[in-house]
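The values are calculated or read from the model by the stated rules, or taken from the named source; none is laboratory data. All values reported here derive from a predicted model rather than from experimental measurement. Every residue, glycine among them, receives a Cβ derived from its backbone with ideal geometry; neighbour counts consider all protein chains shown. Surface accessibility is based on the protein's heavy atoms, side chains included, excluding ligands, DNA and RNA. Shrake-Rupley method; radii C 1.70, N 1.55, O 1.52, S 1.80 Å.
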Amino acid sequence: MSAVARPVVTDDDSRLGRALGRRARRDAAVRTAASASLWLGLLLVTYWWTVDGGILDLGAWTSALVSTGRITGLVASVLLLAQVVLMARVPALESAYGQDRLARIHRVVGFTSFNLMLAHIVLITWGYAGGGLPQTPSTLWNLLTRYPGLLLSAGGTVALVLVVATSIKVARRRLRYESWHLLHLYAYLGAGLALPHQLWTGAQLLSSPGRTAFWWTAWAVAAGAVVVWRLGLPAARNLRHQIRVERVVRESDDVVSVHLSGRRLDRLRVEAGQFLTIRFLGRPGWTRANPYSLSAAPDGRSLRISVQSVGDGSVAAAALRPGTPALVEGPFGRLGARSRTRSRVALIGAGVGITPLRALAEGLDVAHGDCVVLHRYSTTPLFGDELEHLARRRGLAVLDLPGPRRYDDSWLPLGVDPRVDDLSALTYWIPDIAQRDVFVCGPEPWTDLVRSTLRAAGLPDDRLHLETFSW
Ligand SMILES: Cc1cc2nc3c(=O)[nH]c(=O)nc-3n(C[C@H](O)[C@H](O)[C@H](O)COP(=O)(O)OP(=O)(O)OC[C@H]3O[C@@H](n4cnc5c(N)ncnc54)[C@H](O)[C@@H]3O)c2cc1C
């Protein structure tokens, strides 16, 4: 084993570090503002429920059922709208959280909202049935048939049940991503159908101007976010850039690079390390969008992605013809300059996960000697020649780690001395690893092991930037 980076004890993180961290600090402020807004919304509806006698009503059985039903419904509605916003591809949220983290938050918020919504239906109906369980089904029927809007919200609930049932891990694993994604769009229908019920029967919505303003603003923000950022922005970007396939180049047995060109690509604010969600038109399955990271730093005139064959969509990439139009969404992702706070960085990638790191190796602003690349692969390195060239040109230290994994709990290959554990090997190669920003990309089980070693080496979580190609 030989060390690839000598410990450089410098004030790396003084002036340059502060400049580098500017966007990271702005993103942290956006995250604080976003969670504060959500908590404020939840506090407001709880406050209104309290002044309406929500707590006093807890004193008797029947009124307690109705009162708890009300608060669960109100909180469920706020969370339902919050999760629509979370997945509306709002640029400030995408940059601040990253799509993978947003999806994780969306999952927690979504399940909580759904459970509270079910509790709301059961508790309110039970309360209106005078607290007697046997009368509850007939009361539910009466409510549904008599109150305008309630039948619509029952339809909305069915749509949400479909979405939640297919999002439970066991069910999700059995579905193709595209089928799951299509079903997931029913959540918009579910959220939309709940509005008339809130309008017509939700006492809170209309009982004071403050409350009316709050609920209409919340609904308008959620609907506006979807219309502007989920639909409008991608449509405008595609009209403006008209991205097309320029050529397809084979990189290895199972990976091709697709070179893309378009109009005014200098205006597409995409950075090395980010990914685009792409639909190639004019072929079967064109409606399905797949996310691909840039494999080269964007130069303002062209883009390059590199695609490993795993399923229908990716296999078909090899047969793309020059001129094929592509619809893109994005750019997305925080793997890159945006989240960087240190001048020294390490890039650790495995398999096709080297793709965004190859772009970072080219695009990150680093001084000679400040970037180390650990490249893990089984037999043939993807972009081996390009990384070698970049190493020479940009002063990167590249350490190839070829071969099968040495044992189950290690992310390193057989060639590494078995007496040396992963942590010792890593800190030998990069002694100052805990002082760097570290960008990691690879299969999830592998990145989990890398993450534990980095934590054991003392790297704080906010300087570990991770991408796995999974959903
Ligand atoms: C942020 C991100 C960046 C990625 N970058 C690259 C890259 O640079 N190069 C590369 O080869 N692969 C990349 N992938 C993986 C790539 O998106 C999938 O391999 C591809 O979508 C598979 O589609 P398919 O139709 O060939 O196969 P399918 O049979 O449809 O899917 C195979 C597997 O790919 C995953 N997948 C499919 N569609 C999506 C989707 N829209 N979002 C998330 N996961 C999906 C699923 O886990 C599925 O199990 C990336 C994935 C993500 C999430």
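A few points about this structure:
- Of all DSSP beta bridges confined to the chain, the antiparallel ones make up roughly 55%.
- DSSP-assigned coil residues among trypsin sites (Lys or Arg not before Pro) in region 266-348, each with at most 14 further Cβ atoms within 10 Å: 269, 301
- When each of the peptides 350-362, 100-112 is scored by the mean number of other C-beta atoms lying within 10 Å of its residues, the order from highest to lowest reads 350-362, 100-112.
- Ranking 318, 298, 343 by Cα position along the charge dipole of region 290-358, where only Lys, Arg, Asp and Glu carry charges on their C-beta atoms, puts 343 farthest toward the positive end.
- Accessible-area value, residue 339, 1.4 Å probe, nucleic acids and ligands omitted, Å²: 0 Å²
- Environment charge of residue 295, counting only residues whose C-beta is closer than 11 Å and scoring Lys/Arg +1, Asp/Glu -1: -1
- Note on region 56-194: with charges restricted to the Cβ of Lys and Arg (+1) and Asp and Glu (-1), its dipole about the Cα centre is near 440 debye.
- The residues neighbouring residue 286, those whose beta-carbon lies less than 12 Å from its own, together hold a net charge of +1 under the Lys/Arg +1, Asp/Glu -1 convention.
- About the Cα centre, charge dipole magnitude for region 332-471 (Lys/Arg +1, Asp/Glu -1 at Cβ), debye: 300 debye
- Three principal axis lengths of region 303-410 [C-alpha, angstrom, descending]: 41, 35, 26
- Residue among 458, 219, 332 farthest towards the positive dipole end of the chain, charges placed on Cβ: 219
- Across the chain, Cα pairs under 8 Å and at least six residues apart give a relative contact order of 15 percent.
- Its residue count N sets the reference 2.2 N^0.38 Å, and the alpha-carbon radius of gyration of the chain equals 1.14 times that reference.
- Cα→Cβ-extended label distance, 7 Å offset, between residue 176 and residue 452, nm: 3.6 nm
- Remark: accessible surface ordering of 42, 56 (largest first) is 56, 42, probe radius 1.4 Å.
- Average projection area in nm² (convex hull over Cα atoms of region 92-235, one quarter of hull surface): 10.9 nm²
- Summed residue charge, Cβ within 12 Å of residue 249's Cβ, Lys/Arg positive, Asp/Glu negative: 0
- The alpha carbon centroids of region 436-453 and region 164-241 are separated by 34 Å.
- Distance histogram in 5 Å bins (all Cα pairs of region 136-219, percent per bin): 3, 14, 17, 17, 16, 13, 11, 7, 2, 0
- A 1.4 Å probe, protein heavy atoms only, puts the accessible area of residue 327 near 60 Å².
- Packing, as the average of other Cβ atoms within 10 Å across residues, places the peptides 437-448, 60-71 in the order 437-448, 60-71, highest first.
- Rolling a 1.4 angstrom probe over region 93-166 with all protein chains present gives an accessible area of which 72% lies on carbon and sulfur atoms.
- Calculated FRET efficiency for the pair residue 46/residue 420, C-beta based, R₀ 56 Å, to 0.05: 0.50
- Cβ charges +1 (Lys, Arg) and -1 (Asp, Glu), total dipole of the chain, debye: 1160 debye
- Screening the chain for whole DSSP H helices with an alpha carbon extent of at least 24 angstrom along the helix axis and a mean Kyte-Doolittle hydropathy of at least -0.5 yields 22-51, 61-86, 99-128.
- Anisotropy class of region 374-471 from Cα gyration tensor, a/c 1.5 cut: rounded
- 222 nm mean residue ellipticity, helices alone, for the chain (DSSP H n ≥ 4; -39,500 (n - 2.57); rounded to 500): -15500 deg cm²/dmol
- 1.4 Å probe accessible area per residue over the chain, in Å²: 49 Å²
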